[in-house]
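Data block below; observations after.
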Amino acid sequence: MIKDVVQKGSDILRQRCNPVTNFLSIQGVIDDLIETIAHLKTTYGFSRGIGLAAPQIGELVRISVAEYKGQQYVLINPEIVERSEDKQPIREGCISFFQYRAKVPRNTKVKVRAFDRQGEEYFIEGEGDFAMLLQHELDHLDGVLYIDHLPNGENDMYLSNEV
Ligand SMILES: [Zn+2]
């Protein structure tokens, strides 16, 4: 089902999400995330990658879906297991901060351990924009938003028509 995306200012985005223990019980949440992403892409045409975390559709469980270069990743109970020491500011947006962007310092490479929707463990590595996307989506599961990485928070965001 296509869901409304929770917008900035809501307490829901500030909660720490619960780990998934029963994979059967969260299949509907995964479908809703995938359908909502598909809808957003059709409507707004995000081309650089897109992600949506369960709290953004009001579900406080550790699930994010990320799409990058035509590949879709269902990230359940994800954890960063390795990260580069260096950080670089990468242009970033969030569907909960619609039309805003900011340059957010992020580790340039990360390795993530996660489970897929069948409960199978897997690892992915990302660099640059994909590393940013993974860090952004994992942060959501701890109630962390990208403004938290900016020296002046929301004041460092700018309005943008970019997609
Ligand atoms: Zn976001």
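Among the residues of segment 76-105, how many are touching a residue at least 24 places away in the same chain (Cβ under 8 Å) and either within 13 Å of the ligand (Cβ to nearest atom) or in a loop (DSSP other than H, G, I, E, B) (or both)? Adding up the residues that qualify gives 13. Of the residues making up segment 1-35, those that are touching a residue at least 60 places away in the same chain (Cβ under 8 Å), under 19 Å from Pro78 (Cβ atoms) and part of a loop (DSSP other than H, G, I, E, B) number 4. Considering only residues of segment 36-68 that are of a type in the set (S, T, N, Q) and free of Cβ contacts under 8 Å to residues at least 60 places away in the same chain, which is nearest to Val6 (Cα to Cα)? Per the criteria, the residue is Thr36.
Exactly one residue among Val6, Val29 is surrounded by 14 or more Cβ atoms within 10 Å (Cβ to Cβ), within 26 Å of Glu120 (Cα to Cα) and under 15 Å from the mean Cα position of the chain (by Cα), and that residue is Val29. Taking the criterion of being closer than 19 Å to Tyr146 by Cβ, in contact with a Ser or Thr (Cβ under 9 Å, 6 or more places away or on another chain) and among the hydrophobic types (A, V, I, L, M, F, W, C), the residues of segment 72-92 that qualify are Leu75, Ile90.
The set of residues in segment 63-74 being within 15 Å of the ligand (Cβ to nearest atom) and over 12 Å from Ile34 (Cα atoms) consists of Tyr68 alone.
Filter segment 106-139 down to the residues that are polar (S, T, N, Q) and either in contact (Cβ under 8 Å) with a residue 60 or more places away in the chain or within 16 Å of the ligand (Cβ to nearest atom) (or both), then identify the one that is nearest to Asp31 (Cα to Cα). It comes out as Gln118.
Every read-out reported here was derived from the displayed coordinates using simple, explicitly stated rules and does not represent laboratory data. Keep in mind that this is a model prediction, so the values were computed, not measured. For neighbour counting, all protein chains shown are included, and Cβ atoms are generated from backbone atoms with ideal geometry for every residue, glycine included.
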